[in-house]
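A short write-up of the structure that comes next.
Derivation of every value follows stated rules applied to the coordinates shown; laboratory data play no part. Computed from a predicted model, the values in this text were never measured in an experiment. Reconstructed Cβ throughout: ideal geometry from the backbone, glycine too, with neighbour counts over all protein chains shown.
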Amino acid sequence: MVFNSRSSDSLLEGITDLKSRNVGQVAQRNKFTTTVDLVRQVLPLTNEVYAGSLRKMSPFNKIKSINVRNAFAGDPPVLDHTKVVLCEFEGRTVFSASLNAQPNQVMDIVWDTNTQNPDELASLLTFVLFNCTTIKAMIYSDAAARADGSASVTVPIEWIGAMTALHLVTTDYTQFLSNTPKRVIKFKAGVDLASTVQ
């Protein structure tokens, strides 16, 4: 078979296009796999927060879809922990949270309560910490009262040297879902040198 220059150019364009598509497909699969691994670890918590409020899809599919679309940056795409969403609810939550590593895998968490509501001040906070290297999660349920303004948790020894990301679960008594106050999960702190486990 003889190729003229036009047919060989077309063939090269086709191969280049196929490679581009394959690279894009691999990147999309990697984003999907990473997101599924992340969401599965916190699924009981997100299911609890959504409290059966979703009608057209499960909390798993909702959160997976949001993060595949929005939580990656770069080429090839890398998970940006500051963009990870565990629930898209808006509501009154704490301000100015910080996450600072101390010796022996202790992580200090400090926050501004951002409320005078006695029910919110008495409500218990749940902390979700992610290891930014392995994307493994630790959930510290009902770890402190909102009024406390600070708490400390200990992460696994295997996390030494890794930056961490903190998501905080708070309760908003101005909104209700299934006759109970709405809970809100937000990224609050970390992914910086201060959050590197010691």
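Modelled spin-label separation between F32 and T180, with each label point placed 7 Å from Cα along the Cα-to-Cβ direction: 3.4 nm. Label sites at T133 and E48, each approximated as a point 7 angstrom past Cα along Cα to Cβ, lie 2.9 nm apart. Per residue, the convex hull spanned by the Cα atoms of segment 91-170 amounts to 81 cubic angstrom.
Taking Lys and Arg as +1 and Asp and Glu as -1, the other residues whose beta-carbon sits under 10 Å from that of L166 total +2. Between V23 and N61, the FRET efficiency from the beta-carbon distance, with R0 = 30 Å, is close to 0.70.
Between N100 and D148, the simple label model (points 7 Å from Cα in the Cβ direction) yields a spacing of 1.7 nm. If you take all other residues with their beta carbon under 12 Å from the beta carbon of V36, and give Lys and Arg +1 and Asp and Glu -1, the sum is +3. Multiplying the residue separation of D192 and A122 by 0.36 nm and subtracting their alpha-carbon distance yields 22.2 nm. Springs between Cα atoms under 10 Å define the GNM used for the chain, and in it the highest mean-square fluctuation of Q175, Q116, Q28 occurs at Q116. Coupling constants for segment 40-55 follow from the phi torsions by the Karplus curve (6.51 cos²θ - 1.76 cosθ + 1.60, θ = phi - 60°), and in residue order they are 4, 5, 10, 4, x, 5, 5, 4, 5, 5, 5, 6, x, 7, 8, 9 Hz; glycine and proline get x. Highest mobility in the GNM of the chain, judged by mean-square fluctuation with C-alpha springs under 10 Å and restricted to N61, N47, N22, is found for N22. Mind checking which aspartates and glutamates have their C-alpha under 13 Å from K186, skipping anything on the same chain fewer than 8 residues away? Within the straight-line cut-off, K186 pairs with E88, E90, D172.
Quick one: divide the alpha-carbon radius of gyration of the chain by 2.2 N^0.38 Å and tell me what you get.
Here the Cα radius of gyration is 1.31 times the empirical estimate.
Of the trypsin sites (Lys or Arg not before Pro) found in segment 50-136, those in coil by DSSP whose Cβ has at most 12 other Cβ atoms within 10 Å are R55, K56. Have a look at T126, T115, T35 and tell me which one the Gaussian network model of the chain (Cα, springs below 10 Å) gives the largest fluctuation. Greatest mean-square fluctuation among the candidates belongs to T115. For segment 187-192, the Karplus equation 6.51 cos²θ - 1.76 cosθ + 1.60, evaluated at θ = phi - 60°, returns couplings of 5, 10, 6, x, 6, 8 Hz by residue, with Gly and Pro reported as x.
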